[in-house]
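S.K.: Would you mind keeping the following structure in view while I ask a few things?
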Amino acid sequence: MATRDSLIQVTDLKKHYKGGAIKALDGVTVDINKGDVMAVIGPSGSGKSTFLRSLNLMEEPTGGAIIFNGVDLTKKKYQDESGKMVKLDIDSLRQKMGMVFQHFNLFPHMTILENMVLAPMKVKGMNREDAEKKALDLLERVGLKDRADAYPIQLSGGQKQRVAIVRALAMEPEVMLFDEPTSALDPEMVGEVLDVMKELAKEGMTMVVVTHEMGFAREVGNRVLFMADGKLMEQGTPEEIFEHPQNSRLKEFLAKVL
Amino acid sequence: MDQFVKWSNFSKIVPYAELFKEGILVTVMLSLFTVMIGFCLALVLALMRMSNVRPFRALGIDKNGHQRESGALAVISRFNPLEFLATAYVEILRSTPVIVQVFIIYFGVFGVIDLPSFKLLGFIKFDRFFPGVVALGMNSGAYLCEIIRAGIQSIDGGQTEASRSLGLTQVQTLRYVVLPQALKNILPAIANEFVVIIKESAITYTIGVQDIMSAVNAVKGATFVIVEPLLVATAVYFCLCFPTSKLIAYFERRMSHGDKR
Ligand SMILES: Nc1ncnc2c1ncn2[C@@H]1O[C@H](COP(=O)(O)OP(=O)(O)OP(=O)(O)O)[C@@H](O)[C@H]1O
Ligand SMILES: [Mg+2]
C-alpha cells in the first residue's frame, strides 16, 4: 500500500551475478514509509544483505527501480524539475541514508570524536566547533560522552556499535539501514545496542533492520519482511508474520528459529 | 706473495678522508631524495593501477542493456588505459637492470636536456646528482608501487563502505580513511626501501655522482690501492644500513603491538 508518506519505493529489484546464474535478489517490490521500522528476516543467503545494500547502492542492482526523494537511484542520469538531464549524485543521496554494519567499521586511526565529525565536516562543510558539539550531544545520548577521546580499539563491541549508530545519525539521515547490527556482539552486549535502536524507533526514525533477533523484529518492528531465495516471500505486521504465517518457507523458518 | 690487506695502505687513505665524508653525505641525500620521488611516483602508479577508468565501457553492454560476460567486446570494455600504462611501467622497470636505466636517463634523457652545472652545498655536482636521483627514483617507484598497492588492498573493505555510506566521495574516502591506515602499515617497508637504495645507489658513481664508491675510485686513481678503500666503503655502508634496519624492525614490532583491532 503506497501512502503519501512513502519514502523509498522499491520495484522489481534484481541483483544477478554471473549473468543470471546467481540471483541474489530476484524481483523485490516493497514500499518503505516514513517512520517504518521494517525488520527483514530470512535464512542465510536469502538476499537480505543484498537488499539492504542495494538501497544505498553499496551493491549496484542489475534491474528494477529504487525511488528515493523522487529520484530513481538505479539510473545513472535522471531528468530534474526543469527537464534537464543531470547525473545522479550518489554521494549526496547516501548521506541521507545512514548505515550500520555487523562489524561496526569504525575508523581505527581516529578517536571516537574524530570518527563522528569526519563526515559532517567534510561532506556537509560544518565547522569543527559545531560538529564536535553535535557529536558530543549524540554521544551523551548513548552514554559514551566520556569516551570521546578514546580510540575504537579501547571500546567494547557494544560500545563500538553504539558509536557507529550515532556516527551515522550525525549526518541527520532520513532512514537508517542496519545489517545484523548485533550478530558480532557478545550476548551480554546485545541489549545495550537494541536499546539504542528502540529509542531511535520511538523517536520516529525510519529504519530497515536485517536481523536474527526475532524478539526485536516482533517487539519493535511495525512491519516484517520475510525473504528466501532472493524473493520477498511474505510481508506483514509482526503479528501476521509470527502468529499467522502463510508461506510454507516462512513456517519452516520460524519453526527453526523460534 | 703480496698480502691481501696491508695496514700501511690504510694510512694512504687518510688524506682522502674528506672525500669519504662528502661521499657519505651524497649517498644519504641521494637515497632520501630517491625514496621521496619514488614514493610520490609510486602513489600515482598505485592509484592508476587501482583506478576504474574504462573508456570502452559501453561496448560491454549488449542490446538488452546487460553486461556482456565474455567475448572480445567484454574484454575491450574492461580495458583501463591508466592501469595498462602503470602496469607496463612497473613490469619494465622491474625486469631490467638498474645500470641500464641509469645510463638511459643520464646519457639519453639528460644528454638531450641540458642541466645547469652548479654545485649543491659547494661540492655536489648537480648535473650528475640530479640524473642519478631521477633514475633511481623512477626505479624505486616501480617497487614501492607494489608495496603501496598491497598496503591499500590490505585495508578492510568495510572501511570504504562505512566511509561511502556517510556520504564521503571516493577521493575523500581514500584521503581520510584508507591512505592514512595503509601508509601507517607500509611505513616499515618504505623505510626498508631507503636501506635498499643506500646500497643500490652505489651504481651512480658510474655517471660521476660523488658518492662513497666514487671516493673509493678517487683513492684508487691517486694511490693505486684498491682493497683497503673498498674495505672502508664496506664498513661505511654497513654502519649506515645495519643500524637503520634494526631500528626499523624495532619500530615495526612496537607498532604491531599497539595495533590489534
Ligand atoms: N559478489 C557475489 N558474487 C556472487 N554471489 C554473491 C555475491 N554476493 C552475494 N552473493 C550471493 O547472493 C546471495 C544472497 O547473499 P546475501 O549476503 O544477500 O544473503 P543474506 O540473506 O544476507 O545472508 P546472511 O544471513 O548469511 O547474511 C547468496 O547466495 C550469496 O552467495
Ligand atoms: Mg547478510
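S.K.: Which pairs have Cβ atoms under 6 Å, sit 6 or more apart or on different chains, and link a residue in segment A:180-191 that is closer than 19 Å to A:Ile41 by Cβ to one that is in a loop (DSSP other than H, G, I, E, B) and β-branched (Val, Ile, Thr)?
M.R.: Cβ pairs passing all conditions: A:Val190/A:Thr182.
S.K.: Are any of the residues in segment A:170-178 buried (at least 21 other Cβ atoms within 10 Å of the Cβ), under 14 Å from the mean Cα position of the chain (by Cα) and within 16 Å of ligand 1 (Cβ to nearest atom)? It would help to see each step written out before you state the result.
M.R.: Step one: of segment A:170-178, the residues buried (at least 21 other Cβ atoms within 10 Å of the Cβ) are A:170, A:173, A:175-178.
Imposing the further condition that a residue be under 14 Å from the mean Cα position of the chain (by Cα) reduces the set to A:173, A:175-178.
From what's left, within 16 Å of ligand 1 (Cβ to nearest atom): A:177-178.
Yes; the residues of segment A:170-178 include at least one that is buried (at least 21 other Cβ atoms within 10 Å of the Cβ), under 14 Å from the mean Cα position of the chain (by Cα) and within 16 Å of ligand 1 (Cβ to nearest atom).
S.K.: Go through (1) in a helix (DSSP H, G or I); (2) over 16 Å from B:Leu43 (Cβ atoms); (3) modelled with pLDDT under 95 one by one and return the number of the condition B:Pro116 breaks.
M.R.: (1)
S.K.: Considering segment A:157-169 alone, what residues qualify as being touching a strand residue (DSSP E or B) at 6+ places or on another chain (Cβ under 9 Å) and either farther than 12 Å from A:Gln102 by Cα or surrounded by fewer than 21 Cβ atoms within 10 Å (Cβ to Cβ) (or both)?
M.R.: So the first thing to find is which residues in segment A:157-169 are touching a strand residue (DSSP E or B) at 6+ places or on another chain (Cβ under 9 Å), and the list is A:161, A:164-165, A:167-169.
Across segment A:157-169, the qualifying residues are A:Arg167, A:Ala168, A:Leu169.
S.K.: Take B:Val112 and tell me if it is loosely packed, with under 11 Cβ neighbours inside 10 Å and more than 18 Å from B:Ala142 (Cβ to Cβ).
M.R.: The answer is yes for B:Val112.
S.K.: For the structure I just gave you, tell me whether A:Phe51 is among the hydrophobic types (A, V, I, L, M, F, W, C) and assigned to a loop (DSSP other than H, G, I, E, B).
M.R.: Working: among the hydrophobic types (A, V, I, L, M, F, W, C): yes; assigned to a loop (DSSP other than H, G, I, E, B): no.
When the stated conditions are applied, A:Phe51 does not pass them.
S.K.: Restrict the check to segment A:59-66 and report whether at least one residue is in contact (Cβ under 8 Å) with a residue 60 or more places away in the chain, more than 14 Å from ligand 2 (Cβ to nearest atom) and either among the basic types (Lys, Arg) or out of contact with any Gly (no Cβ under 8 Å at 6 or more places or on another chain) (or both). Let's see the steps before the verdict.
M.R.: Taking segment A:59-66 first, the residues in contact (Cβ under 8 Å) with a residue 60 or more places away in the chain are none.
No, there is no match, as no residue in segment A:59-66 is in contact (Cβ under 8 Å) with a residue 60 or more places away in the chain, more than 14 Å from ligand 2 (Cβ to nearest atom) and either among the basic types (Lys, Arg) or out of contact with any Gly (no Cβ under 8 Å at 6 or more places or on another chain) (or both).
S.K.: Taking into account only those residues within segment A:38-63 that are within 11 Å of ligand 1 (Cβ to nearest atom) and of a type in the set (Gly, Ala, Ser), which is nearest to A:Gly221 (Cα to Cα)?
M.R.: Per the stated criteria, the residue is A:Gly42.
S.K.: Can you go through B:Tyr143, B:Tyr205, B:Tyr176 and tell me which one is touching a residue at least 40 places away in the same chain (Cβ under 8 Å) and among the aromatic types (Phe, Trp, Tyr)? Reasoning before the result, please.
M.R.: Working: B:Tyr205 fails: touching a residue at least 40 places away in the same chain (Cβ under 8 Å); B:Tyr176 fails: touching a residue at least 40 places away in the same chain (Cβ under 8 Å).
Result: B:Tyr143 is the single residue among B:Tyr143, B:Tyr205, B:Tyr176 that is touching a residue at least 40 places away in the same chain (Cβ under 8 Å) and among the aromatic types (Phe, Trp, Tyr).
S.K.: Which count do you get for residues in segment A:144-158 that are part of a helix (DSSP H, G or I) and either in contact (Cβ under 8 Å) with a residue 24 or more places away in the chain or within 12 Å of chain B (Cβ to nearest Cβ) (or both)? Steps first, please.
M.R.: First, the residues of segment A:144-158 that are part of a helix (DSSP H, G or I): A:145-147, A:152-154, A:157-158.
If we keep only those that are either in contact (Cβ under 8 Å) with a residue 24 or more places away in the chain or within 12 Å of chain B (Cβ to nearest Cβ) (or both) as well, we get A:147, A:152-154, A:157-158.
Within segment A:144-158, residues that are part of a helix (DSSP H, G or I) and either in contact (Cβ under 8 Å) with a residue 24 or more places away in the chain or within 12 Å of chain B (Cβ to nearest Cβ) (or both) number 6.
S.K.: Can A:Thr211 be described as β-branched (Val, Ile, Thr) and in contact with a helix residue (DSSP H, G or I) (Cβ under 8 Å, 6 or more places away or on another chain)?
M.R.: In short, yes.
S.K.: I need every pair where a residue in segment A:33-54 that is under 20 Å from A:Lys14 (Cα atoms) has its Cβ under 6 Å from the Cβ of a residue that is near ligand 2 (Cβ under 9 Å from one of its atoms) and not in a loop (DSSP other than H, G, I, E, B), sequence separation at least 6 or different chains.
M.R.: Going by the 6 Å Cβ cut-off, the qualifying pairs are A:Val40/A:Lys48; A:Val40/A:Val210; A:Gly42/A:Lys48; A:Lys48/A:Val210; A:Ser49/A:Asp179; A:Leu52/A:Asp179; A:Leu52/A:Val210.
S.K.: Based on what the data block shows, is A:Lys18 more than 16 Å from the chain's Cα centre (by Cα), of a type in the set (Lys, Arg), more than 18 Å from B:Gly167 (Cβ to Cβ) and more than 16 Å from ligand 1 (Cβ to nearest atom)?
M.R.: Working: more than 16 Å from the chain's Cα centre (by Cα): yes; of a type in the set (Lys, Arg): yes; more than 18 Å from B:Gly167 (Cβ to Cβ): yes; more than 16 Å from ligand 1 (Cβ to nearest atom): no.
No, not satisfied.
S.K.: Take the residues of segment A:16-53 that are more than 16 Å from A:Asp229 (Cα to Cα) and among the small types (Gly, Ala, Ser): which is surrounded by the most Cβ atoms within 10 Å (Cβ to Cβ)?
M.R.: Checking each candidate, the answer is A:Ala39.
S.K.: Can I ask one more? Please count how many residues of segment B:122-136 are in a loop (DSSP other than H, G, I, E, B) and at pLDDT 90 or above. Spell out how you get there, then give the answer.
M.R.: Taking segment B:122-136 as the starting set, the residues that turn out to be in a loop (DSSP other than H, G, I, E, B) are B:122-123.
Retained after the next criterion (residues that are at pLDDT 90 or above): none.
Residues flagged as in a loop (DSSP other than H, G, I, E, B) and at pLDDT 90 or above within segment B:122-136 amount to 0.
S.K.: Identify, please: which residue in segment A:55-69 is assigned to a loop (DSSP other than H, G, I, E, B) and not acidic (Asp, Glu) and is, among those, nearest to A:Gln9 (Cα to Cα)?
M.R.: Taking segment A:55-69 and keeping what is assigned to a loop (DSSP other than H, G, I, E, B), we get A:56-62, A:69.
Then keep just the ones that are not acidic (Asp, Glu); that gives A:56-58, A:61-62, A:69.
On the way: A:Asn56: 13, A:Leu57: 14, A:Met58: 17, A:Pro61: 14, A:Thr62: 16, A:Asn69: 10 Å.
Ranking the qualifying residues of segment A:55-69, first place goes to A:Asn69.
S.K.: Another question, if that's okay. Hey, any hits in segment A:64-76 for a residue that's near ligand 1 (Cβ under 9 Å from one of its atoms), surrounded by 15 or more Cβ atoms within 10 Å (Cβ to Cβ), modelled with pLDDT under 95 and closer than 23 Å to A:Leu225 by Cα?
M.R.: First, pick out the residues of segment A:64-76 that are near ligand 1 (Cβ under 9 Å from one of its atoms): none.
No, segment A:64-76 has no match at all.
S.K.: For the structure I just gave you, tell me whether A:Val193 is closer than 20 Å to A:Ser156 by Cβ and in contact with a Pro (Cβ under 7 Å, 6 or more places away or on another chain). Quick ask: steps written out before the conclusion?
M.R.: Values: closer than 20 Å to A:Ser156 by Cβ: yes; in contact with a Pro (Cβ under 7 Å, 6 or more places away or on another chain): yes.
For A:Val193, the condition - closer than 20 Å to A:Ser156 by Cβ and in contact with a Pro (Cβ under 7 Å, 6 or more places away or on another chain) - is met.
S.K.: A further question on this structure: Within segment A:221-236, does at least one residue satisfy the condition of being within 14 Å of ligand 1 (Cβ to nearest atom), within 17 Å of A:Lys34 (Cα to Cα) and in contact with a Pro (Cβ under 9 Å, 6 or more places away or on another chain)? Before you say what the answer is, go through the steps one by one.
M.R.: Here is the first cut: in segment A:221-236, the ones within 14 Å of ligand 1 (Cβ to nearest atom) are A:225-233.
So of that shortlist, the ones also within 17 Å of A:Lys34 (Cα to Cα) come out as A:225.
So of that shortlist, the ones also in contact with a Pro (Cβ under 9 Å, 6 or more places away or on another chain) come out as none.
No.
S.K.: In segment B:148-231, which helices (runs of 4 or more DSSP H) lie fully inside it and hold 3 or more residues that are within 14 Å of chain A (Cβ to nearest Cβ) and hydroxyl-bearing (Ser, Thr, Tyr)?
M.R.: On the way: elements: B:157-165, B:179-200, B:212-223.
By residue number, B:157-165.
S.K.: Report, by residue number, each residue of segment A:81-118 that is more than 21 Å from A:Glu59 (Cα to Cα) and either at the interface with chain B (Cβ under 8 Å from one of its Cβ atoms) or modelled with pLDDT under 85 (or both). Lay out the reasoning, then the answer.
M.R.: First, the residues of segment A:81-118 that are more than 21 Å from A:Glu59 (Cα to Cα): A:81-86, A:107-118.
Within segment A:81-118, A:Glu81, A:Ser82, A:Gly83, A:Lys84, A:Met85, A:Val86, A:Phe107, A:Pro108, A:His109, A:Leu118 meet the criteria.
S.K.: Here's a follow-up. Being within 21 Å of A:Gln154 (Cβ to Cβ) and not in a helix (DSSP H, G or I) is the filter here; which residues of segment A:97-138 pass it?
M.R.: Within segment A:97-138, the first condition is being within 21 Å of A:Gln154 (Cβ to Cβ), and the residues that meet it are A:100-118, A:132, A:135-136, A:138.
Within segment A:97-138, A:Val100, A:Phe101, A:Gln102, A:His103, A:Phe104, A:Asn105, A:Leu106, A:Phe107, A:Pro108, A:His109, A:Met110, A:Thr111 meet the criteria.
The values are calculated or read from the model by the stated rules, or taken from the named source; none is laboratory data. For clarity, every value in this text was computed on a predicted model and none was experimentally measured. Positions of Cβ are backbone-derived with ideal geometry, glycine not excepted, and every protein chain shown enters the neighbour counts.
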